[in-house]
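Since the structure comes first, as structure tokens, the remarks are kept for the end.
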Amino acid sequence: MPQNFLSTPIEYLNGVGPQRAKLLRTELGIDTYGDLANLFPNRYVDKTKYYKINQLIDGNTQVQVIGKIISIKTVPTGKVSRLVATFIDDTGKMELVWFRGQKYFKDNLKLNQPYVVFGKVQRYGATFSMAHPDMELLKDHQSRAQQAMAPIYPSTETLAKRKITNVYMVKLMRSLYSEIHNSFIETLSEEVLSGYSLMGKNQAMKEVHFPSTARHLQAARYRLKFEELFFIQMELLLKNKVRKSKIKGYPFQEVGDNFLDFYNNHLPFELTGAQKRVVKEIRADMGTGAHMNRLLQGDVGSGKTIVAVLTCLLAIDNGFQACIMAPTEILAQQHYAGVAELLEKTDLSVGLLTGSVKTKERRELHERLEDGSLHILIGTHALIEDKVKYKNLGVAIVDEQHRFGVAQRAKLWKKNELPPHVLVMTATPIPRTLAMSVYGDLDVSVIDELPPGRKEIKTVHRYDKNRLGVFKFIRDEITKGRQVYVVYPLIEESEKLDYKDLQDGYESIVREFPLPDYKVSIVHGKMKPEDKDWEMDRFVKGETQIMVATTVIEVGVNVPNASVMVIESAERFGLSQLHQLRGRVGRGADQSFCILMTGFKLSKEARTRMETMVRTTDGFEIAEVDLKLRGPGDLMGTRQSGIMNLRMADLVKDQQILAIAREAASKVLKEDPAIQLDKNQPIKRVMAYLQSKKGFWKYIS
Ligand code: ADP
Ligand code: MG
């Protein structure tokens with residue numbers, strides 16, 4: 001915070017000096033007193049507890065042992081050597097090991113003097129070993145009272161090498177706090193503090209480094225996490241508000257004949273509750289005069305298409321056109337066929353524009369688009385070529401957003417006076433809380449309910465050695481008239497090997513399922529698009545029974561007759577990809593199956609992935625597990641990765657605090673949109689500070 005004392009450069013602190021200041025700066029980003037105070041411990045350990053060597057267990061997180069070094073030697077292992085000290089107490093012996101800074105330790109460690117060593121132990125054969133322990137002489141250790149909750153600070157390899165140890169960091173923190181007593185200015189209002197029973201800023205900042213009791217520590221951490229998430233939510237909510245007030249959109253206030261006629265007379269099924277809710281949200285959003293920028297999340301098969309169609313009808317009722325953009329030609333065709341069928345009994349005209357539409361037809365489409373006689377245009381990227389001019393595009397619907405770049409979407413905006421409303425549809429479920437913080441500035445609609453009567457896809461995990469059984473199962477399904485996908489992973493780094501796997505797999509399938517009884521298609525990314533489409537098309541039409549493919553089929557294709565998905569080397573796929581792949585089956589009336597093939601040896605994480613897929617078909621539940629396994633950064637790619645740079649809070653573990661902090665933030669903004677009430681001054685000060693710090697905005701926009 002902008003306080004003089006806390007902005008004192010770190011080298012002025014007792015015990016720092018220019019050398020170490022430089023290290024703290026480059027390694028941990030600590031420039032000032034304030035930065036140091038905000039370096040929060042990763043965790044806490046009980047330093048009043050000591051283990052005897054004969055009490056050690058493999059994989060103990062962190063243990064403290066008292067003993068002495070009786071010998072030190074350098075042990076060569078291949079190209080690198082390591083320094084090994086034999087460490088004993090009255091119950092046994094263990095090893096201390098160093099790979100880095102060997103000379104220093106060899107020269108400085110004292111033999112036969114009591115030390116306290118602290119670190120993680122691992123068992124090698126009968127011997128326990130601790131690598132790069134934190135250690136100090138017992139007499140130094142005893143000269144201070146030891147804490148039951150001793151903080152462990154973040155460190156880096158360079159810091160460890162340069163002997164900036166945890167013991168040093170603790171000393172530094174002590175030296176800092178002897179200078180800065182209660183210098184922190186409260187950042188939250190009285191109302192928020194008391195309303196959510198939060199500890200004050202100064203007390204929390206002290207407890208977090210020097211916990212007095214476990215309860216105080218917990219309250220301090222809660223408060224600091226809350227604060228962090230609260231201000232992120234404030235920013236996101238404000239940004240959303242600003243966007244809505246700045247960017248105007250066509251107000252679609254009419255719910256007119258087209259919508260009502262279709263809704264009352266031509267709906268092929270009753271909408272699910274979730275579909276109704278989402279249509280309402282979209283209607284309300286497009287009616288305000290602000291620009292809609294909305295993400296529509298819904299698992300595969302949840303029925304996003306009908307929502308898209310109803311959204312188009314709203315635009316048409318207000319005198320505008322609509323377009324639906326798909327990432328591939330096949331998908332565009334399928335959308336076109338589906339939408340045209342839905343609107344068959346209406347007077348509305350629907351066009352299809354893709355790369356393969358002939359010149360003459362294309363010219364005609366262009367004309368009808370410009371004179372407004374074409375209501376809905378469906379297609380691929382061809383929709384946003386410069387030649388394509390709409391009379392008045394009111395809404396653009398983009399399917400499977402991850403295949404479309406931001407730049408491409410921006411192109412759509414240039415075709416009008418006002419930008420058309422945008423609805424992005426995605427079948428990649430994002431856990432609600434994550435969506436809340438990552439897309440906090442977008443509006444999100446969620447279809448969280450499948451249409452009734454769906455048969456749950458049966459999923460099993462099989463080892464490679466059971467392949468014959470799997471082949472037999474496939475044969476039986478084909479005999480019943482069904483079709484089968486067999487998917488191979490394709491990872492860029494090992495592309496060559498992967499193609500070999502795919503080819504080998506294809507050949508063994510062809511051997512197992514020979515002509516003329518069986519026909520097998522193969523599709524992969526190295527094929528020419530025309531060939532790919534041709535093969536796909538054969539499968540879609542049912543001319544081939546088995547489709548061997550890489551993940552190119554992941555997105556969207558609809559072959560209701562395909563009822564078996566075999567995923568080879570399933571352990572190499574991430575959960576969300578497995579879920580997407582599985583979504584290719586289960587689209588028809590028949591019972592569908594997904595078979596995950598793996599080798600016998602699996603990592604713990606891979607096993608969890610398989611178990612999760614077998615246990616559930618709920619995309620949101622799967623996304624939650626994925627988030628836990630991989631962490632939010634990975635899950636979201638680099639997008640807005642800044643939000644993952646949380647100091648204290650954790651988007652996985654602190655989802656509840658996030659929800660509460662968001663509620664608190666919206667309450668404040670609702671009552672005081674411009675943050676100008678007296679009581680909200682503390683909050684206003686922080687917001688002003690954050691906005692002055694450019695870096696903060698980076699992850700927001
Ligand atoms: P996705 O969300 O994957 O795009 P679709 O819109 O393709 O899903 O819908 C999947 C299938 O479910 C389609 O065959 C569609 O006709 C059907 N469907 C959608 N909504 C309903 C509903 N409310 N009741 C019954 N069937 C529905
Ligand atoms: Mg779809």
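The values are calculated or read from the model by the stated rules, or taken from the named source; none is laboratory data. Note that the structure is predicted; figures quoted are calculated from it, not measured. Reconstructed Cβ throughout: ideal geometry from the backbone, glycine too, with neighbour counts over all protein chains shown. Areas reflect the complete protein model, heavy atoms only, side chains present, ligands, DNA and RNA absent. Shrake-Rupley method; radii C 1.70, N 1.55, O 1.52, S 1.80 Å.
What to note about this one:
- Filter pass, Thr311 being of a type in the set (Ser, Thr, Tyr) and surrounded by fewer than 17 Cβ atoms within 10 Å (Cβ to Cβ): no
- Listed by position, the strands (runs of 3 or more DSSP E) contained in the range 125-182 that have at least 1 residues being touching a residue at least 24 places away in the same chain (Cβ under 8 Å) and among the aromatic types (Phe, Trp, Tyr) are 127-131.
- When residues of the range 562-604 are limited to those that are within 25 Å of Asp399 (Cα to Cα) and surrounded by fewer than 18 Cβ atoms within 10 Å (Cβ to Cβ), the one nearest to ligand 2 (Cβ to nearest atom): Gly588
- Looking across the range 1-56, just one residue is farther than 21 Å from Ala148 by Cα and assigned by TED's automatic domain parsing to the domain that holds Ala126, and that is Asn54.
- Comparison of Thr61, Thr77 shows that the only residue that is farther than 25 Å from Met149 by Cβ and open to solvent by 20 Å² or more (accessible area, probe 1.4 Å) is Thr77.
- Tally of residues being more than 38 Å from the chain's Cα centre (by Cα) and more than 28 Å from Ala220 (Cβ to Cβ) across the range 102-127: 18
- Within the range 283-299, if we keep just the residues that are in contact (Cβ under 8 Å) with a residue 24 or more places away in the chain and aliphatic (A, V, I, L, M), the residue that is nearest to Glu621 (Cα to Cα) turns out to be Leu296.
- The number of residues in the range 327-352 being away from ligand 1 (no atom under 13 Å from the Cβ), part of a helix (DSSP H, G or I) and either among the hydrophobic types (A, V, I, L, M, F, W, C) or open to solvent by less than 40 Å² (accessible area, probe 1.4 Å) (or both) comes to 4.
- Residues of the range 156-196 classified as under 30 Å from Asn112 (Cβ atoms) and in contact with a helix residue (DSSP H, G or I) (Cβ under 7 Å, 6 or more places away or on another chain), total: 3
- Residue within the range 291-299 that is surrounded by 23 or more Cβ atoms within 10 Å (Cβ to Cβ), within 8 Å of ligand 1 (Cβ to nearest atom) and outside any helix (DSSP H, G or I) present: yes
- Residues located in the range 300-326, provided they are within 13 Å of ligand 1 (Cβ to nearest atom) and touching a residue at least 60 places away in the same chain (Cβ under 8 Å): Val300, Gly301, Ser302, Gly303, Lys304, Val307, Ala308, Thr311, Ile324, Ala326
- Long-range neighbours under 8 Å by Cβ, at least six apart or interchain, first residue touching a residue at least 12 places away in the same chain (Cβ under 8 Å) within the range 672-687, second in a loop (DSSP other than H, G, I, E, B) and acidic (Asp, Glu): Asn680/Asp672; Pro682/Glu186
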